[in-house]
1. Run down L67, L98, L15 and say which single residue is in a helix (DSSP H, G or I) and touching a residue at least 24 places away in the same chain (Cβ under 8 Å).
2. Taking V62 and the conditions (1) more than 18 Å from the chain's Cα centre (by Cα); (2) surrounded by 17 or more Cβ atoms within 10 Å (Cβ to Cβ); (3) on the phi < 0 side of the Ramachandran plot, which numbered condition does it fall short on, given that it satisfies the others?
3. Can S323 be described as under 22 Å from G8 (Cβ atoms) and among the hydroxyl-bearing types (S, T, Y)?
4. Within the range 286-301, which residues are among the small types (G, A, S), open to solvent by less than 10 Å² (accessible area, probe 1.4 Å) and in a helix (DSSP H, G or I)?
5. Looking at the range 20-64 only, could you name the residues that are assigned to a strand (DSSP E or B) and more than 24 Å from V287 (Cα to Cα)?
6. Please determine whether any residue of the range 148-165 is open to solvent by less than 10 Å² (accessible area, probe 1.4 Å) and over 21 Å from D121 (Cβ atoms).
7. Across the range 131-156, what is the number of residues that are within 29 Å of T96 (Cβ to Cβ), part of a helix (DSSP H, G or I) and not acidic (D, E)?
8. As an exercise: evaluate A282 against (1) in a helix (DSSP H, G or I); (2) touching a residue at least 40 places away in the same chain (Cβ under 8 Å); (3) not charged (D, E, K, R) and give the number of the one condition it does not meet.
Amino acid sequence: MTRIAVLGPHIVDVLGRPVTEIPPGQGGVLLEEIRMTVAGTGGGAAVDLAKLGWEVSSFAAVGADGLGVYLRSQLDLLGVDTRGLISRPGELTSSTILPIRPNGERPSLHVLGATASLQVDDVDWDAIARCGAVLFGGPETTPALLEPAGLDRLRALRAVGVKVFVDFLHGGDTAMLQTLADLWPLIDWLMPNDEQLRNLTGHQNLSDAARCLVDRGVGGVAVTMGGDGALLVRPGVPDVTVPAFATTVLDTTGCGDSFNAGMITGILHGCRAEDAALIGCACGSLVASGLGSDAGIVDLGGVLDVVRGQDPQAADRIAARVS
């Protein structure tokens, strides 16, 4: 079994729904549901990858606080190797309060916490080198890893055959396009959402925006577009749009992280990129149907059932790869 490393923000989310307003003063309202989950482009994806059957190792900085203990315990329950989580005494674990609106939108109240304190020497790069892939979630949140020493470590991973997947937590602006110039050629697949990609490149047309990064050395770009599915852009082949799956949207938190887990699953199993993106879109539809970034997904079989309901031929192709 291939092991996957997840490097980047591990966040605790506290979610409540449905929230139509924040009561004034010391007023209160009753909600239908409140949950606490492990989330973030690192932690949320680690949870989903573990549910999809992978051996997973997490690497991040968290606070030496109660939320850090909770985060580690939840990953431990899923079998995630948490030895790469660095506890920072005196610092808080990155966390977010998410009042979920009835239509699934999710304004956020965020504590930055310990995430940005992760240093190159905090990471067991030898352990990552023994993995088949690494998801570098939110590189903009761990600036020390983008220094020359960190980029050298990523180059070394590529040299030994580790596939590098990257997504953003917040995204950036056009200045980041040049700031990360040395990172782009080290990425096998970049998996941003449409808003992040437009902000990063300055291009409103998603195909042009993705081509901007492919021209800078990114191996492939899988752009998530919410209810419009995903767009795949690679060098030397036509762009492909993969459809989304119909679902009742309860909460969109973590849909991108679940897409990443599904996309990585398909690529590592040797699926064609379009089928890998279908797995990702199916994962996103499941997560959107529940509260929190860990909702909906039980195992890979359940995800394939979703794919089969919309595209039986694709489900057969995928099943032949993952069996």
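1. Details: L98 fails: in a helix (DSSP H, G or I); L15 fails: in a helix (DSSP H, G or I).
The conditions single out L67.
2. Condition (1) is where V62 drops out.
3. Numbers: under 22 Å from G8 (Cβ atoms): no; among the hydroxyl-bearing types (S, T, Y): yes.
In short, no.
4. Matches in the range 286-301: A288 only.
5. Matches in the range 20-64: A61, V62, G63.
6. yes
7. Selection size over the range 131-156: 10.
8. (2)
The values are calculated or read from the model by the stated rules, or taken from the named source; none is laboratory data. Only a predicted model underlies this, so the values are computations on that prediction, with no experimental measurement involved. Cβ atoms come from the backbone with ideal geometry, glycine included; neighbour counts cover every protein chain shown. The accessibility values were calculated without ligands, DNA or RNA, using every heavy atom of the protein model including side chains. Shrake-Rupley method; radii C 1.70, N 1.55, O 1.52, S 1.80 Å.
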